[in-house]
1. How many residues does the stretch 132-153 hold that are surrounded by 13 or more Cβ atoms within 10 Å (Cβ to Cβ) and not in a helix (DSSP H, G or I)?
2. Only residues that are among the hydrophobic types (A, V, I, L, M, F, W, C), within 18 Å of residue 33 (Cβ to Cβ) and within 11 Å of the chain's Cα centre (by Cα): list them for the stretch 391-422, please.
3. Restrict the check to the stretch 389-409 and report whether at least one residue is part of a helix (DSSP H, G or I), in contact (Cβ under 8 Å) with a residue 40 or more places away in the chain, of a type in the set (A, V, I, L, M, F, W, C) and crowded, with 20+ Cβ neighbours inside 10 Å.
4. Going by the conditions given, is residue 334 more than 20 Å from residue 258 (Cβ to Cβ), touching a helix residue (DSSP H, G or I) at 6+ places or on another chain (Cβ under 9 Å), buried (at least 19 other Cβ atoms within 10 Å of the Cβ) and modelled with pLDDT of 70 or more?
5. Does residue 415 satisfy being more than 24 Å from residue 67 (Cβ to Cβ), assigned to a loop (DSSP other than H, G, I, E, B) and in the same structural domain as residue 286 (by TED's automatic domain parsing)?
6. Sort out which residues of the stretch 37-63 are farther than 17 Å from residue 21 by Cβ and either without any contact (Cβ under 8 Å) to a residue 40 or more places away in the chain or in a strand (DSSP E or B) (or both), and write them in order of number.
7. Report, by residue number, each residue of the stretch 358-388 that is aliphatic (A, V, I, L, M) and in a loop (DSSP other than H, G, I, E, B).
8. Just to be sure I understand, how many residues within the stretch 77-115 are more than 14 Å from residue 46 (Cβ to Cβ) and at pLDDT 90 or above?
Amino acid sequence: MARKNKLLTTVTTKPQPARKVFILDTNILLVDPYAIDTFEDNIVVVSMTVMEELDGLKKRSNTEYEARQAINAIMELTTSKKPGRQIQLRNGGCFILESMEFRSADLKDFQLNLEKPDNRIIATAIKYRQDKDYPDRVVIVSNDSAVRIKAHAIGIASEEYAAANYSNGVDHLYQAPTEIGLTEQQINDWVKGKTVSYEQISDQPVLVSLGKNQWSSGYVKKGELKPYGALISELVQPLNAQQELALQVTFDTNNKIVALTGQAGTGKTILALAVAIEDKLLKNHPGKVYIFRPNDQLADDIGFLPGNLDEKFNPYKRAIRDAYEVLQQSGAGLKKSRKLQDFDSLTNDAGGGKMPILPINFIRGSTLHNAYIIIDEAQNFTAHQMKTILTRAGRNTRVIITGDPDQIDNRFLTKRSCGLTNVIGKMRGNKIFSHVNLTQGERSEVATIAAELL
């Protein structure tokens, strides 16, 4: 069902000078197609340059939905009104679809190449600043750092778009697991498997210090600190206390949605894969493991890829293949009847493989029952894309989300606006959701120091 547009549609006179004028970049409307309605009683301006970019982006698979939603929201506001007039919004603000023409004489004091869309958006801000009513009240809103830097250079205020839940930053969402110290008596009770009263923190998974650099995994629930049982995994052995906690949380079937986050090399993907494979393949339970990965690229587009869907998506399977081969080696001692089959057969969706690795392009309308859904590299999905995948989960299906919010390849997303942060921010505290942020790298000394310093 389409979201009901909250934007009202009446024309007003010129607004009061005390209001700010927010000039929106295209990327804001891709993060939130209804961002126009979030600037309180101020003036929100969308230029023709932004409309042109949205028109082009509605044809791209990873931006189509957001671009069309933004276009529809603006259309409902403007098409029944006289062009060039201000439109009253329900929150008391005003909206302007700006179609001004730029002349070189207007911008003779600024080194701006108007062939570039970003510079035309900045030029719109310059024109509003030259209006005697708004000399010091113009703000460019963009998630593009380069746009904000250029705005600063010419003396125009700028800011990153702050989603409502994260206006004060997102670092609090990505903290290392809470570490708890106990009294000697509490430790004695704990090692005997007893519940310990602990009301100091909210419900969450925790690491319990047993002294002498020894740690145990547990969780706080309704003021009680409870231990996890002994960890038994056939495919992977945790290399540190954080990984053990992550495995315990992921194996815990009470957690229907688990997010494992952290920098490169902390073990997110291999831990998620191990849990799903052990349940669906080694135990031969009904259902499949579905792995969804974004098809954003770190470098320039490599062009058209020949073949069927499986063949086209092969380059994006590389990280999963690497992790699977490690697990396959770990399971080398399993009985022949339980050994993991070869990767290509297992991930061949057309051939009935039990662990297909898929883009999300064709997922709408699907219902995945009795499954594990792994959403890998989730920081490169938009909030809408994450919602699309999560709403495919059917009966007896669990979801494992992995991602590093500091390694985003989608140029329209930021740590604050990406789908990974949106899910964690909105689901934390829900009884079926749990999150563990891993901070200890284990891939190699090179990978760890590169992730920390570069």
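1. Summing the residues that are surrounded by 13 or more Cβ atoms within 10 Å (Cβ to Cβ) and not in a helix (DSSP H, G or I) in the stretch 132-153 gives 10.
2. Within the stretch 391-422, 413, 418 qualify.
3. So the first thing to find is which residues in the stretch 389-409 are part of a helix (DSSP H, G or I), and the list is 389-390.
Restricting the remaining residues to those that are in contact (Cβ under 8 Å) with a residue 40 or more places away in the chain gives 389-390.
Now drop any that are not of a type in the set (A, V, I, L, M, F, W, C), which leaves 389-390.
When the remaining residues are screened for being crowded, with 20+ Cβ neighbours inside 10 Å, the result is 389.
Among the residues of the stretch 389-409, at least one is part of a helix (DSSP H, G or I), in contact (Cβ under 8 Å) with a residue 40 or more places away in the chain, of a type in the set (A, V, I, L, M, F, W, C) and crowded, with 20+ Cβ neighbours inside 10 Å, which makes the answer yes.
4. In short, no.
5. On the way: more than 24 Å from residue 67 (Cβ to Cβ): no; assigned to a loop (DSSP other than H, G, I, E, B): yes; in the same structural domain as residue 286 (by TED's automatic domain parsing): yes.
Answer is no for this residue.
6. 54, 55, 56, 57, 58, 59, 60
7. Result: 360, 363, 371.
8. Matching residues across the stretch 77-115 total 0.
The values are calculated or read from the model by the stated rules, or taken from the named source; none is laboratory data. Keep in mind that this is a model prediction, so the values were computed, not measured. Every residue, glycine among them, receives a Cβ derived from its backbone with ideal geometry; neighbour counts consider all protein chains shown.
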